[in-house]
1. Just the number please: accessible area per residue for region 115-193, 1.4 Å probe, all protein chains included, in Å².
2. Whole Å is fine, so just give me how far the alpha carbon centre of region 153-179 lies from that of region 246-264.
3. Quickly estimate the mean residue ellipticity at 222 nm for the chain, helices only: each DSSP H run with n ≥ 4 gives -39500 (n - 2.57), and the total goes over all residues, rounded to 500.
4. Express the C-alpha Rg of region 279-338 as a ratio against the empirical globular expectation 2.2 N^0.38 Å, rounded to two decimals.
5. When the Karplus curve 6.51 cos²θ - 1.76 cosθ + 1.60 is applied with θ = phi - 60°, which whole-Hz ³J(HN,Hα) does each residue of region 113-129 get, with x for Gly and Pro?
6. Quick one: Karplus J couplings for region 24-41, per residue in order, coefficients 6.51, -1.76, 1.60, θ = phi - 60°, nearest Hz, x for Gly and Pro?
7. Kirkwood hydrodynamic radius, computed over distinct alpha-carbon pairs, for region 15-160: how many Å, to one decimal?
8. How far is the Cα center of region 86-127 from the Cα center of region 23-78, in Å?
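The values are calculated or read from the model by the stated rules, or taken from the named source; none is laboratory data. Being a predicted model, the structure only gives us computed values, none of them experimental. Don't worry about glycine lacking a Cβ; one is built from the backbone with ideal geometry, like all the others, and counts go over all protein chains shown. Just so you know, the surface numbers come from the protein's heavy atoms only, side chains and all, with ligands and any DNA or RNA stripped out. Shrake-Rupley method; radii C 1.70, N 1.55, O 1.52, S 1.80 Å.
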Amino acid sequence: MNMTFYRKLPVPKDIKEQYPLSAEMAKQKAAEDEEIRRIFTGESKKFLLVIGPCSADREDAVLDYISRLRTVQDKVSDKIVIVPRIYTNKPRTTGDGYKGMLHQPDPNEHPDLLKGLLAIRSLHMRALKETGFSCADEMLYPENHRYLSDVLSYVAVGARSVENQQHRLCASGLDIPCGMKNPTGGDLSIMLNAITAAQHSHTFLYRGWEVKSHGNPFAHAILRGYVDKFGIAHPNYHYEDLIALYDVYRAKGLSNMAVMIDTNHSNSGKRYEEQIRIAKEVLHSCRHSADIRSYVKGLMIESYLEDGCQKIGENIYGKSITDPCLGWEKTEKLIYEIADAL
């Protein structure tokens with residue numbers, strides 16, 4: 001093999017025993033889980049916002065951001081449930097570039113996965129303890145999910161991973177909502193097949209064990225736009241897109257039919273300020289179609305303390321080092337506008 005085995009890392013059980021949740025934290029996480037599940041079953045009509053930085057790059061700025069979300073959440077709790085996104089693993093199109101806090105807890109230093117494992121657990125635990133939020137992360141590496149499985153309330157499978165068998169099988173073993181994004185090429189059948197697989201039971205190999213999953217009834221769709229063969233980005237959040245997906249999704253007969261709309265990525269062409277307009281257009285579509293409102297459960301928004309993005313090494317506090325994000329002032333205003341529109 002053309003690789004060097006550097007060191008053996010602690011297994012998830014060891015990390016969890018070293019950094020355990022308190023009984024109070026576990027109770028809070030269970031309450032958050034239940035409220036979010038009720039949105040997907042239709043028992044709750046609240047609107048879900050999975051919102052936060054494109055990538056969690058530093059603990060202090062992320063916790064500062066989430067503490068501000070707490071204040072806003074308390075004001076809109078009758079209409080909106082906020083799940084902060086703390087994305088600690090980042091897919092890279094070419095494999096190069098910043099891969100997230102798991103790999104580099106300090107973006108300016110070399111990768112250190114042991115420090116990274118401790119850093120991402122610390123960040124998620126502090127968010128839960130200090131703000132009451134159990135958060136969202138991307139399941140980029142299925143074998144790593146268990147390091148955070150007791151602190152997460154929402155998981156996403158990305159556009160580059162949604163066709164991967166291991167991601168689908170691991171998603172089928174989760175008991176929290178798991179969003180399956182449409183692939184970068186836009187084929188909705190791939191996304192719907194992934195949801196079908198995730199809702200079914202499977203026997204498979206996981207972390208050296210033969211395991212049986214029981215199916216995840218909360219697996220659902222995420223529309224994030226797509227890129228055609230010429231490299232041109234195309235949105236798929238418009239009224240016509242939502243009606244078209246509703247028809248093919250309903251024909252599948254899946255449990256808890258649901259879709260989240262990603263307002264950035266190819267839907268915005270990575271023009272981060274367009275997220276404001278896109279969010280309002282989705283809400284407009286919901287008002288004009290009971291079918292759309294019945295299965296559009298919420299939005300995914302990329303937001304941080306400062307507008308835009310920066311290069312690694314600039315060290316601007318609260319500014320994304322991956323995709324550009326909405327700054328705090330625009331974010332706060334948008335959340336209140338969404339609440340008023342619901």
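1. On the way: 2430 Å² over 79 residues.
Counting only protein heavy atoms, the per-residue value for region 115-193 is 31 Å².
2. 15 Å
3. Helices in the chain give a 222 nm mean residue ellipticity of -12000 deg cm²/dmol.
4. 1.44
5. 6, 5, 4, x, 4, 5, 5, 6, 5, 4, 5, 5, 5, 5, 4, 5, 5
6. 5, 5, 4, 5, 5, 5, 4, 5, 4, 4, 5, 5, 5, 4, 4, 5, 6, 7
7. Taking the inverse mean of 1/r over all distinct Cα pairs, region 15-160 comes out at 15.7 Å.
8. So the separation of the two Cα centres works out to 21 Å.
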